[in-house]
Amino acid sequence: MNRTRIVLSSLVALLLIIVGLLVQLGLLDRMPPEVEVRLPDGPLRQDVQLYALVWDQSPGVSSVTVQLDDRPPEAVPVRDGVVSWTLQTAGLDDGLHRLTVTGTDGAFAQNQGKATVLFESDNAFPTLEIATAGLVAVQGRTQCVLLRTAEPLASLTGAVFGKGRRFYEIAPGVWRALVGVEIRQETGHHAMTLEAVDVAGNVAKAEIPIRVEAGDFPAGGTIRLTRAQTEARRDTTNRDKTRKEREDAYRVRDDVQRWSAPMLRPVRGRRSSAFGRYRTYSDGHRSYHSGTDLANVTGTPVSASAAGIVRQAGWEHIFGNVVIVDHGQGVSTSYNHLSAVDVTVGQPVDRGDTVGEVGSTGQSTGPHLHWGLVVDGVAVDAEQWLDRTWSPEEFSQFIDLSQIEGGAIWDGAAALTDR
């Protein structure tokens with residue numbers, strides 16, 4: 001009897017030791033592992049590195065699987081609780097997908113912890129539509145290139161007439177570049193290149209034809225210069241200084257569109273010389289008129305054509321007293337030959353605010369306002385803006401870039417030179 005009790009006691013003690021050991025090893029644990037999955041923000045494209053943290057204090061993680069949508073789970077290695085796995089999205093349909101990471105511990109119950117994340121796959125390059133009016137440009141005028149896309153873009157850039165162009169998103173999915181066309185720009189077909197990058201990083205590169213038509217510029221007229229004015233025109237040092245000052249003012253890039261209505265004619269009066277008139281000066285020089293002359297008496301108030309920030313205010317060689325107002329996105333107006341300047345550099349102005357007074361300072365033969373408009377560094381006809389704001393509502397017909405005759409579009413894997 002005593003022997004039986006001793007044996008039973010020994011067995012109980014052994015059992016307790018075994019249970020204690022199993023508990024210590026965590027083999028009787030009922031708590032599942034903790035799982036955390038990390039993916040980059042935003043739509044995913046191509047190969048993406050997935051990181052998951054899978055940890056279990058005891059008895060530890062024995063295996064980890066990754067399941068994509070309804071596909072069979074795939075075993076992946078785990079090291080020190082970290083899982084690193086390459087998610088290949090190129091073979092997935094664009095759109096929403098589900099990814100589940102499951103960690104199993106080493107307990108007898110094989111407890112499982114799961115984490116599920118949703119992500120968007122996007123491997124298609126963005127498609128673009130262009131307003132057909134933007135396919136035709138005219139010498140000396142503003143060309144509006146309006147593009148729209150069905151998906152958000154991270155950036156849109158372009159180049160035409162040998163110069164890079166900035167596009168601004170002016171409405172959801174609508175991008176605009178305003179291009180000043182030189183008076184002397186060669187007519188005929190030119191190539192505009194475009195590069196669109198969506199938020200996932202997919203790139204679309206396109207080349208489309210832009211046709212430039214001849215502008216209608218009046219010819220004739222001779223400007224009689226005084227001896228002092230003739231000498232001033234020969235002063236290359238001050239002329240170069242003025243050119244730099246004006247270029248610096250026009251170069252300031254305000255990404256905010258500050259105009260919201262058609263431009264205001266800055267002063268009432270007879271148009272004494274239209275933009276682009278080809279004139280001869282008494283010193284033999286010939287040139288196209290870079291602005292619009294509006295005649296009125298000295299002292300007549302001159303209004304800002306649109307809201308903006310004053311970038312230049314003061315005396316300039318040839319132009320006399322000058323005010324230059326930046327309206328944002330590469331658009332500026334200038335007011336020249338003023339008898340008085342009523343604003344200072346850096347001052348914000350609203351449409352219709354007085355910026356100066358009509359005069360005949362600088363290279364002028366009588367009281368008038370020389371009203372200029374510069375778009376992306378190019379002088380263009382300001383009167384084109386008297387009934388335009390270049391808003392999306394002004395454009396009705398759009399066409400897919402790939403459907404344009406003479407144009408083409410490629411995905412990011414092909415450069416434009418790879419045709």
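Electrostatic tally near Ile404: other residues with Cβ closer than 11 Å to its Cβ, Lys and Arg +1, Asp and Glu -1, net -4. Over the residues of the chain, the helix contribution to mean residue ellipticity at 222 nm works out to -3500 deg cm²/dmol, using -39500 (n - 2.57) for each DSSP H run of at least 4. For the chain, the residue among Ser272, Trp390, Ser334 whose Cα projects farthest onto the positive side of the dipole built from Cβ charges is Ser272. Among the listed values [x] 34, 29, 19; [y] 47, 25, 17; [z] 74, 24, 16, the one computed from these coordinates for semi-axes √(5λ) of the Cα gyration tensor in Å is [z]. Model label points for Ser58 and His189, set 7 angstrom from Cα along the Cα-to-Cβ axis, are 7.9 nm apart.
Mean-square fluctuations from a GNM of the chain, with a 10 angstrom spring cutoff on Cα atoms, peak among Val358, Val48, Val331 at Val48. Once a ≥ b ≥ c are taken as the square roots of the eigenvalues of the Cα gyration tensor of the range 291-419, is the result rounded (a/c under 1.5), prolate (a/b larger than b/c) or oblate (a/b not larger than b/c)? Prolate. With all protein chains in place and a 1.4 Å probe, the accessible surface of the chain carries 49 percent carbon and sulfur. Comparing mean-square fluctuations of Arg311, Arg98, Arg211 from a GNM of the chain with C-alpha springs under 10 Å, the top value falls on Arg98. What accessible area per residue, rounded to a whole number of Å², is obtained for the chain using a probe radius of 1.4 Å? Result: 51 Å² per residue.
Within the listed set Gly276, Gly407, Gly291, the Gaussian network model of the chain (springs between alpha-carbon atoms below 10 Å) gives the highest mean-square fluctuation for Gly407.
Beta-bridge orientation, the chain: approximately 95 percent antiparallel, per DSSP, counting only bridges with both partners inside. Could you tell me which of rounded, prolate or oblate describes the range 112-192, using a ≥ b ≥ c as the square roots of the eigenvalues of the alpha-carbon gyration tensor, with rounded for a/c under 1.5 and, failing that, prolate when a/b is larger than b/c and oblate otherwise? Because a/c hits 1.5 or more and a/b exceeds b/c, the range 112-192 counts as prolate. Count Lys and Arg as plus one, Asp and Glu as minus one, and take only other residues whose Cβ is under 14 Å from that of Val297; the net charge is then +1.
Note on Lys163: lysines with a C-alpha under 21 Å away, same-chain residues under 8 apart excluded, are Lys205, Lys244.
Using only side-chain charges placed at the Cβ, +1 for Lys and Arg and -1 for Asp and Glu, the dipole size of the range 152-222 relative to its Cα centre rounds to 120 debye.
Note on Met31 and Glu393: their simple-model spin labels are 6.3 nm apart, each label 7 Å out from Cα toward Cβ. Using only side-chain charges placed at the Cβ, +1 for Lys and Arg and -1 for Asp and Glu, the dipole size of the chain relative to its Cα centre rounds to 1280 debye.
The values are calculated or read from the model by the stated rules, or taken from the named source; none is laboratory data. Values in this document were obtained by computation on a predicted structure and should not be read as measured data. All Cβ positions, glycine included, derive from the backbone under ideal geometry; neighbour counts span all protein chains shown. Heavy atoms of the whole protein, side chains included, go into the accessibility calculation; ligands, DNA and RNA do not. Shrake-Rupley method; radii C 1.70, N 1.55, O 1.52, S 1.80 Å.
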